[in-house]
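The values are calculated or read from the model by the stated rules, or taken from the named source; none is laboratory data. The shown structure was predicted, so the numbers you read here are calculated from the model rather than taken from an experiment. As a convention, Cβ positions derive from the backbone with ideal geometry for all residues, glycine included, and neighbour counts pool all protein chains shown. Surface areas here come from the heavy atoms of the whole protein model, side chains and all, with no ligands, DNA or RNA. Shrake-Rupley method; radii C 1.70, N 1.55, O 1.52, S 1.80 Å.
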Amino acid sequence: MKDFLKKIVPFIKSKRFSTSTPAEKKWTISAIEATRIVVLDTETTGFDYLKDCILCIGAVSLQNNTISLKDSFEVFIEQDHYDQNSAKIHGILKQWILDRPTELEALQQFLEYLGDAIIVAHHAYFDIGMINKALERNGLPRLKNKSLDTATLYKETLLKSNLLEKKDNYSLDELADKFDISKKDRHTAMGDAYITAIAFLKIIHKLKHNKDFNLNDYLK
């Protein structure tokens with residue numbers, strides 16, 4: 001119990017979990033570009049927040065319109081539960097010989113990497129939801145970082161026309177095809193994070209010239 005508290009106390013004391021409520025910042029695209037952003041993806045045993053767990057978290061950082069591969073993060077997490085169907089997609093097998101930290105250790109590593117960065121993900125509600133559920137399981141507070149979803153932002157780049165019907169959902173594959181991004185490492189956490197990072201840069205570049213676009217409406 002003492003060892004557990006030693007690990008947890010630094011995070012509880014950090015600014016990320018402050019209970020204060022400062023005035024809400026009004027964000028512009030220029031301000032976002034100058035801020036450290038962490039683009040992430042998770043590979044999981046399935047899509048049920050209650051039953052499934054995270055197998056891997058992959059992330060890259062962005063700042064000043066530049067992807068920093070040196071400032072990247074990848075962790076494979078020790079899990080007992082594996083699903084045959086999801087394994088066909090992400091290819092992560094239980095018998096892999098990997099040095100996998102426990103879920104708590106992996107979360108601590110991720111929180112240290114994440115800091116107070118803005119999170120970007122494709123269908124961010126799922127990845128952030130899975131991470132928050134893991135944090136809850138380990139007695140840690142939920143993430144308080146601001147987040148942006150490329151699935152939602154992408155729709156704002158499309159022409160507004162009665163002849164063009166927007167879909168409710170656009171997959172990461174569709175964004176990769178639209179922006180001519182290689183899908184070589186698709187369905188790996190790090191690969192999908194990198195694809196999402198490139199797509200985000202292209203989306204933001206398009207939206208920067210849209211005078212009617214208000215970024216604050218999309219920051220969660």
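A few remarks follow.
- Net charge contributed by nearby residues that have their C-beta within less than 11 Å of residue 123 (K/R +1, D/E -1): -4
- Surface composition of segment 125-220: carbon and sulfur atoms hold 48% of the protein heavy-atom accessible area at a 1.4 Å probe.
- Amide H within-cut-off set for residue 120, under 5 Å, with H built and near neighbours excluded: 38, 39, 40, 148
- Cross-link check: pairs 70/183; 51/183; 133/220; 25/211 evaluated at a Cα-Cα cut-off of 26 Å; pairs beyond the cut-off: 51/183.
- Estimated distance in nm for a label pair at residue 69 and residue 102, the labels positioned 7 Å out from Cα along Cα-to-Cβ: 3.5 nm
- Cross-link pairs 146/202; 144/178; 166/202 - those with Cα-Cα distance over 28 Å: 144/178
- Rounded to whole numbers, the Karplus 3J(HN,Hα) couplings from phi for segment 144-156 are 10, 5, 5, 9, 10, 10, 5, 5, 7, 4, 4, 4, 6 Hz, using 6.51 cos²θ - 1.76 cosθ + 1.60 with θ = phi - 60°, and x at Gly and Pro.
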